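> I am attaching a structure below and will ask some questions about it afterwards.
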Amino acid sequence: MSEHISDPIPQASVRPAKPLYLERRRLEERVFLALMRLCLLGAAAALGMILAVIFWRGVGALSVEMLTQPPRGNFYLGGGGGIANAIAGSILLASGATAAAFCWAAPLVLYLHAYARRSRFAAWVRLTLDVLWGIPSIVYGAFGFSLMILLGLRASLLAGVLTLSLVVLPILARTLDEVLRMAPHQLLETGFALGATRAEMAGLLLRQALPGLFTALLLAFGRGVGDAASVLFTAGYTDNMPGGIFSPVASLPLAVFFQLNAPFPAVQERAYASALVLTVMILVISLTAHLSLRRLGKHVVR
Amino acid sequence: MYSLTVQNLNVWYGKQQALKNIDVAFPERRISAIIGPSGCGKSTLLKSFNRLLELNEQVRIEGRVLLDGEDIYAPGVDVVAVRSRIGLLAQKPFPLPMSIFDNVAYGLRLQGRNKREIAEVVEAQLRAVGLWEEVKERLKAPATGLSGGQQQRLCLARTLAVRPEILLCDESTASLDPLSARGIEELLAALRGHYTIIMVTHDIDQARRLADYVVFMWLGELVEKAPAAEFFGAPRAELTQAYLARRIG
Ligand SMILES: Nc1ncnc2c1ncn2[C@@H]1O[C@H](COP(=O)(O)OP(=O)(O)OP(=O)(O)O)[C@@H](O)[C@H]1O
Ligand SMILES: [Mg+2]
């Protein structure tokens, strides 16, 4: 054994990397960059094409009458009238469902954050919500329908709103949950140190979550407006304007569906016009949600 | 007279013990400083005084913390009541997500004070921390718009507005620029005699300037506690001497 102790600081290798390797790595980077751009382009193209198709096929049938009149007698044979019944119905269904889901989701999520915190119970609630999120909305539709039968109710705005609120609930609750999860820990410490009870803490959390809350509401509304399967049996369909919570209402997705099924090209064109109306509504909502996140955050501490 | 007495306090984060057999009493209406290297448990000790430690589910606490002779960890004690008797000024200024006025008013509203009283106290406290002239024109503006030093003074006003008996400060000047830090320091010095102040600090010189009583901690244990003159003049433990000479820590 020699007494020599190896040099504690290893000498850095000063040999330059082989130019060949560098070349290959540059090429690799270019290939992957190109691939990523291709994927991006693909996604953008898909959205662009959908918009283009419904625009070109639908814009011809779009008119003031289409937007402001309910269908007349021979509407599905190519006669006069419009889809105002479905527009109004969809707005009522989606806003009703969002409001109902909010009244349910907000206390639930605030409870999770102010009381249950990281308990096992909270983990279970989150898991349940995730499962609910994954259930296809036709299942909610079927559930709502069987419940209606049980209670002896007709297809109606009320039944549609309640069923749709089940679809929207997990979306709203989990989005809110994520928003509150981003609240800094110091918010809790500050509130409690000032002598807040847990209920008062919930109020403080809600304040902190306000911009995110608005976004969550819009997302839920957007989802509700576009959902067809849950309202198919529960809200029914009618050619009349909405007439109270106990009578059936029309909805845009179903309007698209029924018109697209008609054998007449003129009616099919109107289906595309209806789809255009629906898409524009959802686009506007999504954009507002996106922009509001920045606007409403003025009091929020980051 | 002591306003806060700690008896045989042990704290664990999960399996890791953060505080070991802490025994100390903090003199009333004086400034006490807790010093020690990073990770020695200063913040943990401070947060055990207003039961904020419990927000962390894996924390286990044993021992007693007496506030005016009554154990705040005894069963049946109202946590909210305890916390409203003890104020906290954090390391980073943290304005609540509301306006400047509402920030100071928040604790008062929780106590159910009436409007006129709240307006009076808010103004008085903002004056006391030297912020009134700077913000009186924009009381309704979001508090996040203030500078770091202003925010910390706002937080002090907010804490004092609820009239706590004890003020806990966890490195409350550490995140501020030197001038703002000096401002907060002077405010704390002016509060001596009115509040029992317990401050955590990394800054030995700050402890020298402010403290009447000093507690030195090392790896979760309390190494030395003494009145400031004694502590800085003739430290007994070797660890303390080494720390004060900046040979360790
Ligand atoms: N939330 C936590 N979970 C687990 N361990 C923690 C937690 N907070 C603190 N600890 C541990 O407890 C010990 C004391 O931490 P503490 O924050 O009280 O130290 P400190 O003296 O305030 O340090 P610093 O001066 O850096 O603020 C450290 O070893 C730390 O790793
Ligand atoms: Mg600390």
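The values are calculated or read from the model by the stated rules, or taken from the named source; none is laboratory data. The model shown is predicted, which means the values in this text are computed figures rather than measured ones. Note that each Cβ is placed from the backbone with ideal geometry, even for glycine, and that neighbours are counted across all protein chains shown. SASA here: full protein model, heavy atoms, side chains in, ligands and nucleic acids out. Shrake-Rupley method; radii C 1.70, N 1.55, O 1.52, S 1.80 Å.
> Largest first, what is the accessible-area ranking of B:K42, B:K136, B:K92 with a 1.4 Å probe? Mind dumping the intermediate values first?
Values: B:K42 10, B:K136 80, B:K92 120 Å².
Accessible-area ranking of B:K42, B:K136, B:K92, largest first: B:K92, B:K136, B:K42.
> On to the next question. So how exposed is A:R181, as accessible area in Å² (1.4 Å probe, rounded to 10)?
120 Å²
> Which of B:V6, A:M182, A:G152 sits closest to the plus end of the dipole of the protein assembly as shown, meaning its Cα is farthest towards the positive end, when Lys and Arg get +1 and Asp and Glu get -1 on the C-beta?
Going by the charge dipole, the pick is A:G152.
> Principal axis lengths of chain B from Cα atoms, whole Å, largest first?
Principal extents (Cα only, largest first): 54, 43, 33 Å.
> Next up: Where Lys and Arg each count +1 and Asp and Glu each count -1, what net charge lies around B:I184 among other residues with Cβ under 13 Å from its Cβ?
That works out to -2.
> Net charge around A:D130, counting only other residues with Cβ within less than 13 Å of its Cβ (Lys, Arg = +1; Asp, Glu = -1)?
0
> How would you classify the range B:1-101 from its alpha-carbon gyration tensor, with a ≥ b ≥ c the square roots of the eigenvalues: rounded for a/c under 1.5, else prolate if a/b is greater than b/c, otherwise oblate? Show your work: numbers first, answer last.
Values: a/c = 1.33, a/b = 1.19, b/c = 1.12.
Because its axes are fairly even, with a/c under 1.5, the range B:1-101 counts as rounded.
> Cα gyration tensor of chain A, axes a ≥ b ≥ c as square roots of the eigenvalues: rounded (a/c below 1.5), prolate (a/b > b/c) or oblate? Intermediate values should be presented prior to the final figure.
Details: a/c = 2.76, a/b = 1.48, b/c = 1.87.
Since a/c reaches 1.5 but b/c is at least a/b, the shape of chain A is classed as oblate.
> Can you give me the angle between helix B:100-110 and the longest principal axis of chain B, using Cα atoms only, in degrees from 0 to 90, rounded to the nearest 10?
Around 70 degrees separate the two axes.
> Report, in deg cm²/dmol and to the nearest 500, the calculated mean residue ellipticity at 222 nm for chain A, where each DSSP H run with n ≥ 4 adds -39500 (n - 2.57) and the sum is divided by the residue count.
-23500 deg cm²/dmol
> In debye, nearest 20, what is the charge dipole magnitude of chain B about its Cα centre with +1 on Lys and Arg Cβ and -1 on Asp and Glu Cβ, if you could check?
So the magnitude is around 320 debye.
> Could you compute the net charge surrounding A:A275? Neighbours are other residues with a C-beta less than 14 Å from the C-beta of A:A275; K and R count +1, D and E count -1.
Neighbour charge sum, excluding A:A275 itself: +1.
> Would you mind computing, in nm to one decimal, how far apart the modelled labels at A:R57 and B:E134 are, each placed 7 Å from Cα along Cα→Cβ?
6.4 nm
> For chain B, find the longest principal axis of its Cα atoms and tell me its angle to the long axis of helix B:178-191, 0 to 90°, nearest 10.
That works out to roughly 90 degrees.
> The range A:193-232 to the range B:185-235: how many Å between their Cα centroids?
Going from one Cα centre to the other spans 46 Å.
> Here is a further query. On a 0 to 90 degree scale, rounded to 10, what angle separates helix A:157-181 from the longest Cα axis of chain A?
10 degrees
> Just the ratio, please: alpha-carbon radius of gyration of the protein assembly as shown over 2.2 N^0.38 Å, N its number of residues.
Cα Rg divided by the expected 2.2 N^0.38 Å: 1.33.
> In what sequence, largest accessible area first, do B:R182, B:R208 appear using a 1.4 Å probe?
Result of the area sort, largest leading: B:R182, B:R208.
> What does the accessible area of B:D205 come to, in Å² to the nearest 10, when a probe of 1.4 Å is used?
60 Å²
> Another question, if that's okay. Relative to the Cα centre, what is the charge dipole magnitude of the range A:74-299, using +1 at the beta carbon of each Lys and Arg, -1 at the beta carbon of each Asp and Glu, and rounding to the nearest 20 debye?
Using only the charged Cβ atoms, the result is roughly 600 debye.
> Report the B-A buried area as the accessible area lost on both sides summed, probe 1.4 Å, in Å² to the nearest 100.
On the way: alone 12100 and 18430 Å², together 28130 Å².
The buried area between B and A, both sides summed, comes to about 2400 Å².
> At a probe size of 1.4 Å, how large is the accessible area of A:F257, to the nearest 10 Å²?
Accessible area of A:F257: about 110 Å².
> In chain B, carbon and sulfur make up what percent of the accessible area (probe 1.4 Å)?
Result for chain B: 48 percent of the exposed heavy-atom area is carbon or sulfur.
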